[in-house]
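Worksheet: one structure, shown below.
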Amino acid sequence: MTTENGPAPAQSPTRDRGVTGPKGFRAAGVAAGIKESGALDLALVVNEGPGQAAAGVFTTNQVKAAPVLWSQQVLKERKLTAVVLNSGGANACTGPEGFQDTHATAEKAAEVLGVGAIEVAVCSTGLIGERLPMDNLKAGVELAAKELAGTDRAGLDAATAVMTTDTHPKQAWAAHPDGWSVGGFVKGAGMLAPNMATMLSVITTDAVVDGDTLDQALRATTARTYDRLDVDGGTSTNDTVLVLASGASGVAPTPADFAELLTAVAGDLVKQLQGDAEGVTKEIAITVTGAVSEQDAVTVAKTVAEDNLVKTALFGSDPNWGRVAMAVGRSQATVDQHKLGITINGVTLFEDGHKAADRAEADLSGRDITIAIALNLGDGEATVLTTDLSHAYVEENSAYSS
């Protein structure tokens with residue numbers, strides 16, 4: 001669709017639908033008895049085609065969970081019909097038996113859906129080191145297959161079933177005026193750090209897109225969205241982002257248009273992750289400009305985002321620019337303190353190597369905080385999202401496995 005001023009823009013993401021927003025997808029979220037609480041704990045997302053192109057990006061952690069190893073293998077074919085996801089157990093560090101459990105999960109889904117196990121990806125999240133209750137999990141797959149639906153409610157149930165310490169489900173959907181759309185869900189609240197932000201995410205599209213294009217678009221999107229969220233520096237064993245394309249709209253967008261909408265939906269999901277991070281009281285955006293390269297800008301922003309002295313100061317609403325300067329200086333990026341500038345919530349507190357204003361002029365009483373770091377050395381820039389380090393974060397993570 002075009003207008004007098006050129007191509008019509010895609011709509012901004014909404015949060016009233018998710019993986020079932022695009023045509024050709026059904027989903028379900030059920031209580032399989034994996035969690036002792038009886039909450040929803042198993043999700044199934046099915047691509048009904050006509051296309052089955054898919055791609056995935058996974059954790060860079062060298063300790064990888066069994067479902068990550070399995071899904072990496074099956075996605076070599078760039079094709080998926082279904083994804084099974086469970087919460088209540090990560091199935092990580094469980095040895096060969098854990099991998100067999102993942103394989104059995106895929107085989108069970110393949111059996112009930114009438115497809116091959118190689119067309120089924122598996123994702124798990126929860127406590128590391130424990131085997132999953134396979135009888136419950138297999139029965140849950142059967143139940144989920146019976147409850148598959150293409151409704152918004154079904155998509156929300158799937159988003160709910162993957163939650164661990166999340167306080168609410170997270171989903172987003174956006175449509176292009178040419179008649180195709182992208183939708184998805186994400187879970188994650190702690191152990192969140194780039195490479196990727198620790199979470200599980202399934203994204204769907206009814207655009208006609210081949211597997212290689214999906215892979216390229218997903219990697220570019222991940223680098224600028226999921227990889228730019230850092231809550232606590234912990235890169236998980238189970239990080240997985242999957243994108244599935246049904247082609248049900250019959251529309252083949254340009255790679256640029258597809259990447260733009262995919263990035264918009266992923267960016268909204270990441271913003272939701274930030275807002276629901278464990279113990280969060282401040283949502284912080286750290287923007288670095290003037291770096292010698294984009295990678296240097298990312299390095300500086302990540303270093304500041306992960307610094308506990310910075311995070312605790314922000315929890316206390318203290319615009320302590322000295323801690324920010326310290327973190328910038330200890331990064332592995334090129335930095336010249338005599339050209340450095342630090343602005344917090346719109347107030348420049350440090351400039352050209354010396355104090356520029358009284359830090360009390362910066363008001364940090366609200367939830368949203370912006371830190372702008374000007375290196376003044378080049379054209380590289382990047383923004384990383386993070387949160388504060390609060391009492392609640394410490395308390396929640398100290399009691400996670402008990």
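Out of these labelled values of semi-axes √(5λ) of the Cα gyration tensor in Å, (1) 33, 26, 19; (2) 46, 32, 17; (3) 38, 25, 17, which was calculated from the coordinates shown here?
Checking each listed value against the structure points to (3).
Give me the angle, in degrees from 0 to 90, between the Cα long axis of helix 134-146 and the longest principal axis of the Cα atoms of the chain, rounded to the nearest 10.
Tilt relative to the chain: about 80 degrees.
Want the number for MET134 to LYS355: 0.36 nm per residue separation, take away the alpha-carbon distance, what's left?
73.5 nm
What angle, in degrees between 0 and 90 and rounded to the nearest 10, separates the Cα long axis of helix 255-275 from the longest principal axis of the Cα atoms of the chain?
70
Output the pairs from LYS79/LYS108; LYS271/LYS302; LYS64/LYS108 with a Cα-Cα distance over 20 Å in this structure; if there are none, say none.
Distance filter (> 20 Å) returns LYS64/LYS108.
Any chance you could give the angle, 0 to 90 degrees and rounded to 10, that helix 321-330 forms with the longest Cα principal axis of the chain?
70
Rounded to whole Hz and in sequence order, give me ³J(HN,Hα) for region 113-121 from the Karplus expression 6.51 cos²θ - 1.76 cosθ + 1.60, θ = phi - 60°, writing x for Gly and Pro.
Each residue of region 113-121 in turn: 9, x, 10, x, 4, 5, 9, 10, 8 Hz.
Taking the Cα-to-Cβ direction at HIS391 and at VAL292 and moving 7 Å from each Cα, how far apart do the two end points lie in nm?
For HIS391 paired with VAL292, the spin-label model returns 4.5 nm.
Assigning unit charges at the beta carbon (Lys, Arg +1; Asp, Glu -1) and nothing else, what dipole magnitude in debye, to the nearest 20, does the chain show about its Cα centre?
380
Provide the percentage of antiparallel DSSP beta bridges, counting only those with both residues in the chain; round to the nearest 5.
Antiparallel: roughly 70 percent of the beta bridges in the chain.
Could you work out how far apart the two model spin labels at MET326 and ALA220 are, taking each label as a point 7 Å from the Cα in the direction of the beta carbon, and quote it in nm?
4.1
Whole-Hz Karplus ³J(HN,Hα) for region 281-288, in order, using 6.51 cos²θ - 1.76 cosθ + 1.60 and θ = phi - 60°, x for Gly and Pro?
After applying 6.51 cos²θ - 1.76 cosθ + 1.60, I find 10, 9, 9, 10, 10, 10, 10, 10 Hz.
Sum up the charges of everything whose Cβ sits under 14 Å from the Cβ of PRO319, counting Lys and Arg as +1 and Asp and Glu as -1, but leave PRO319 out.
-1
Restricting to DSSP H runs of at least four residues, report the calculated mean residue ellipticity at 222 nm for the chain, -39500 (n - 2.57) per run over all residues, nearest 500 deg cm²/dmol.
It comes out at -10000 deg cm²/dmol, rounded to the nearest 500.
Any read-out appearing in this document is the output of simple, stated calculations on the displayed coordinates, not a laboratory observation. Worth saying up front: this structure is predicted, and the values here are computed from it rather than measured. Glycine also receives a Cβ, built like all others from the backbone with ideal geometry; neighbour counts cover every protein chain displayed.
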